[in-house]
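Each remark here refers to the structure printed beneath this line.
Please treat every number below as a calculation from the coordinates, not as lab data. Note that the structure is a prediction, hence the values are computed from the model and not measured. As a convention, Cβ positions derive from the backbone with ideal geometry for all residues, glycine included, and neighbour counts pool all protein chains shown.
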Amino acid sequence: MITARQLAQAIAFAVLSLGFAASSMAQQSAAQRGNAKFQHSCAPCHGAGVGDDGHAMLPGTDALRIKYRGTLPALLEERTDLTAPVLKTFLRHGSFSMPPFRQTEVTDADIQDLAAYLAESSKAAAAKSQRGR
Amino acid sequence: MAILPPGVSQQQFDAAVRQFKEAVGPEWVFTSEEELHPYRDHFSYIKDQPNELIPSAAVGPNSVEQVQAVVRTANQYKIPLYAISTGKNFAYGGPSPNVRGSVTVDLKRMNRVLEVNDKRFYALVEPGVSYIDLYRYIQDHGLKVWVDTPDPGWGSPIGNSLDHGIGYTMGFYRDHFGAHCGMEVVLPNGEIMRTGMGALPESKSWQEYKHGFGPDPAGLFGQGNFGIVTKMGFRLMPQPEHWRTGAVMVPKRQDLIPLVDTVNYLTDLAIIGEPWYGNGLTPLMGNTEFRDAANAFNETALDAQAAAAKLHSWQVELQFYGSERTTQSNWEYAKELMARAIPSARFMDGESFKVPLTREQISKSTTPYRSNMRRNITQGVPGLGIWWMPSRSEQNPNAWDETHIGLFSLIGRSGDAIFQAQRDFAAVSKRLEMPSLFPNAIQTPVNWYQFAFIMGNGFGLGRGDTSPEGKKQAAANLRRVLAENAKVGYGDYRAPPMLQDDVAEQYSFNNHVLRRFNETLKDAIDPNGIIMPGRAGVWPAAYRSLRGSLR
């Protein structure tokens, strides 16, 4: 026989589980949205592809390679330090040859999604790097 | 620091902002310094100066009806508007307006691809659609058409074409404004007008016949300030099956004349895409004797040095779009014509690929000669690979090109015209005591526009003194160059707001009748002068006193 307390616990567990699942889905969905936004708005300069005119890397990636000289990854998708406030600073103010981006191009909500995506992509990159050792 | 539109009180401005918010939604009206920062020109020569071209507000409409509402409010309060599409016109002012305190109409949210037709080869798009967006739409839908893209692909077909931007495939498509077909415009009084067949309500050929009937005002909207373009059609190049390249090398300096003549013939018969000219003597640049000969335009000495070094004086890379067989035949025909005109010409086969090229084929040249061709854009693939140009480099790891700017003069399409321009630019350089980066005698033209060449003066203005004083001096130098060029017949095709009055000064035939004509129209169509006053040097009466005020 299930006691009232057990029932309450079961319901609480179910609610918690549902909440966790919903939170996870929302997080996953933010990362997915962030991935789409990254591919659309960031990857043409900061992606992993080959650059033009004989350059081995795309311009944003190459600029960060020159800036950090290996102390940080050149690829944004491998960075673990790009929280939403950091991204917002760079996106709204620009940096060197990267001009600032307007809210009509990248909204504040997009920045949250981008941060969620980059948190995941950097984990995936780290795991891949571990497997490669 | 809040900025107000000229002649508008804070109270009027606040009332206008309230109406803008009602029109587009409060979250799409931006007035704070933080929000407006991205609406400044990142490459401005007058950044942080009291006259920097900063807007007072920005509004982001999402529909043509919202654009109409914004225009009506601007008319009510006599507020100047400045429209941007993707706002990426860097080197030409970026998103910054001509008048400090304008309200920027940011059309980026109007980003719908309305139609792409790969049987009749056209597209109809809104202003916020970038070249990259349009390319991805075409790829996602498996359509067999190409986008003729400018170097950076983050700009929009509408914004780029309206500023007379260019591309790199076949001649007709390279002139982006020339390849437009039909536009929709919100006029200064808020009415919507459509050009060409769009003026016929039941038309089924808006993107196929751009002239309609009667005078066609479409040209007024290119580098113009007669309305805000909200839709535009473009002719698209059919995706070819094959791409082939080849190079022609000629030994002597004077061979450039028949070389250009022959390339022009092939171009205007639509046999070749954009030709890429090059000078074969650059390996001698470190040689003082060579530089002296080049600076003196000593043709005999230059030819002798070329022969001694076994180098060719000029080369042109040709590209052919079509089938494997037609591109082969056309290359053979090009060689035959060249050999007839220049018996000493040499030829080298370049590449021959089925279209679409693979990423690997695009990213790496396999030509047996040094190719100058930029590969993504020859394949109609927009991107941002070109952005290495103003960015950090191994040579300049802690600097970027803060004064990135584009200034190019139109040159007649012949070898003689190139030689004349080289000498004229060298003379301007000497008069102004502004040394060119390289001897003008080895300058080559670009053939972005099918029917004209474009050349720069060769001054090294980028990556120079970036202090406020240094930038001010650089701007003053540019103005002197524009004025000197005009004296010997060279005018620019495009400029940032900071220099638009100066370029407009170049076009002064018959006491500036063209500008007076445009300003007469401007005053009639836009009596309050609210649409982009000052653009391309066309000032409405209400703001005419601002002409030249940035000097």
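Quick look at the numbers
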| item | result |
| --- | --- |
| Angle between chain B longest axis and helix B:131-140 axis [Cα atoms, degrees, rounded to 10] | 80 |
| Whole-Hz couplings from phi, Karplus 6.51/-1.76/1.60, listed for the stretch B:96-104; x for Gly and Pro | 6, x, 7, 10, 4, x, 4, 9, 7 |
| Long pairs among B:Lys210/B:Lys231; B:Lys252/B:Lys310; B:Lys108/B:Lys204; B:Lys119/B:Lys204, criterion Cα-Cα beyond 18 Å | B:Lys108/B:Lys204 |
| Trypsin sites (Lys or Arg not before Pro) lying in DSSP loop within the stretch B:175-232, provided at most 15 other Cβ fall within 10 Å | B:Lys204 |
| Gained length - B:Gln473 relative to B:Tyr507, 0.36 nm times residue gap less alpha-carbon distance | 9.8 nm |
| Shielding by other protein chains, A:53-66, mean Cβ within 10 Å | 5 |
| Percentage relative contact order, the stretch B:221-339, counting C-alpha pairs under 8 Å, at least six apart | 43 |
| 10 Å-binned pair-distance histogram of the stretch B:1-146 (Cα, whole percent) | 12, 37, 29, 16, 6, 0 |
| Packing rank of A:58-70, B:96-108, where each peptide gets the mean count of other beta carbons within 10 Å, highest leading | B:96-108, A:58-70 |
| Mean projected area (nm²) of the alpha-carbon convex hull when the protein assembly as shown is viewed from all directions | 38.4 |
| Peptides ranked, highest mean first, by Cβ atoms within 10 Å: ranges B:510-523, A:76-89 | A:76-89, B:510-523 |
| For residues of B:35-45, the mean tally of beta carbons on other chains within 10 Å | 3 |
| Degrees, to the nearest 10: B:468-487 long Cα axis against longest axis of chain B | 70 |
| Estimated FRET transfer efficiency when R0 is 22 angstrom, pair A:Lys67-A:His93 (beta carbons, to 0.05) | 0.85 |
| Gain on full stretching of the segment that runs from B:Glu202 to B:Glu33 - 0.36 nm per residue minus C-alpha separation | 56.2 nm |
| Of the GluC sites (Glu not before Pro) in the stretch B:368-469, those whose Cβ has at most 13 other Cβ within 10 Å and which sit in DSSP loop | B:Glu394, B:Glu433 |
| Net length gained if the chain between B:Ile192 and B:Arg346 were fully extended (0.36 nm per residue, minus Cα distance) | 49.8 nm |
| Extreme residue, positive dipole direction of the stretch A:30-131, given options A:Thr107, A:Phe90, A:Gly49 (C-beta unit charges) | A:Phe90 |
| Estimated vicinal HN-Hα couplings, Hz - the stretch B:518-530 in sequence order (Karplus 6.51, -1.76, 1.60; Gly, Pro = x) | 4, 6, 5, 4, 4, 5, 6, 8, 10, x, 8, x, 8 |
| Size of charge dipole - the protein assembly as shown - debye, nearest 20, with Cβ of Lys, Arg +1 and Asp, Glu -1, no other charges | 660 |
| Model label zone, B:Phe172; criterion: amide N under 18 Å from point 7 Å along Cα-to-beta-carbon; scope the stretch B:326-369 | B:327 |
| Listed peptides B:482-491, B:35-44 by packing density, highest first (mean Cβ within 10 Å) | B:35-44, B:482-491 |
| Percent of beta bridges antiparallel (DSSP, the stretch B:1-157, rounded to nearest 5) | 45 |
| Relative contact order %, the stretch B:409-493, counting alpha carbon pairs below 8 Å whose residues are six or more apart | 38 |
| Where labels lie 7 Å past Cα in the beta-carbon direction, separation of B:Asp140 and A:His40 in nm | 0.8 |
| ³J(HN,Hα) computed for each position of the stretch B:445-450 - Karplus, 6.51 cos²θ - 1.76 cosθ + 1.60, integer Hz, glycine/proline x | x, 10, 10, 4, 7, 4 |
| Neighbourhood charge, 13 Å Cβ-Cβ cut-off, centred on B:Ile138 and excluding it, Lys, Arg +1 and Asp, Glu -1 | -3 |
| Placed amide H near B:Gly534: partners under 5 Å, 5+ positions off or other chain | B:Trp539 |
| Student exercise, the stretch B:111-238 dipole from Lys, Arg, Asp, Glu Cβ charges, in Debye to nearest 20 | 260 |
| Angle between chain B longest axis and helix B:10-24 axis [Cα atoms, degrees, rounded to 10] | 70 |
| C-alpha center-to-center spacing [the stretch B:184-262, the stretch B:322-349] in angstrom | 30 |
| Sites B:Ala339 and B:Glu299, calculated FRET efficiency, Cβ-Cβ separation with R0 25 Å, nearest 0.05 | 0.60 |
| Net charge dipole size for the stretch B:409-493 [Lys, Arg +1 and Asp, Glu -1 on Cβ; Debye, nearest 20] | 100 |
| Separation of alpha-carbon centers, the stretch A:55-87 and the stretch B:358-375, rounded to whole Å | 27 |
| Kirkwood-Stokes translational diffusion coefficient of the stretch B:242-355, alpha-carbon pairs, 20 °C, 1.002 mPa s, µm²/s | 145 |
| Cut-off under 5 Å, modelled amide H: who pairs with B:Leu236 long-range | B:Tyr122, B:Ala123 |
| Residue mean of other protein chain beta carbons inside 10 Å, A:89-100 | 5 |
| Residues with amide H under 5 Å from that of B:Ile411, placed H, sequence gap 5 or more | B:Phe453, B:Ile454, B:Met455 |
| Within the stretch B:284-336, trypsin sites (Lys or Arg not before Pro) in DSSP loop having at most 11 other beta-carbon neighbours inside 10 Å | B:Lys310 |
| Lysines with Cα under 18 Å of B:Lys78, excluding same-chain neighbours fewer than 8 positions away | B:Lys21, B:Lys522 |
| Dipole of the protein assembly as shown, positive end: most advanced residue of B:Phe234, B:Asn117, B:Trp28 [Cβ charges, Cα centre] | B:Trp28 |
| Contact order normalised by residue count of chain B, Cα under 8 Å, 6+ apart, percent | 16 |
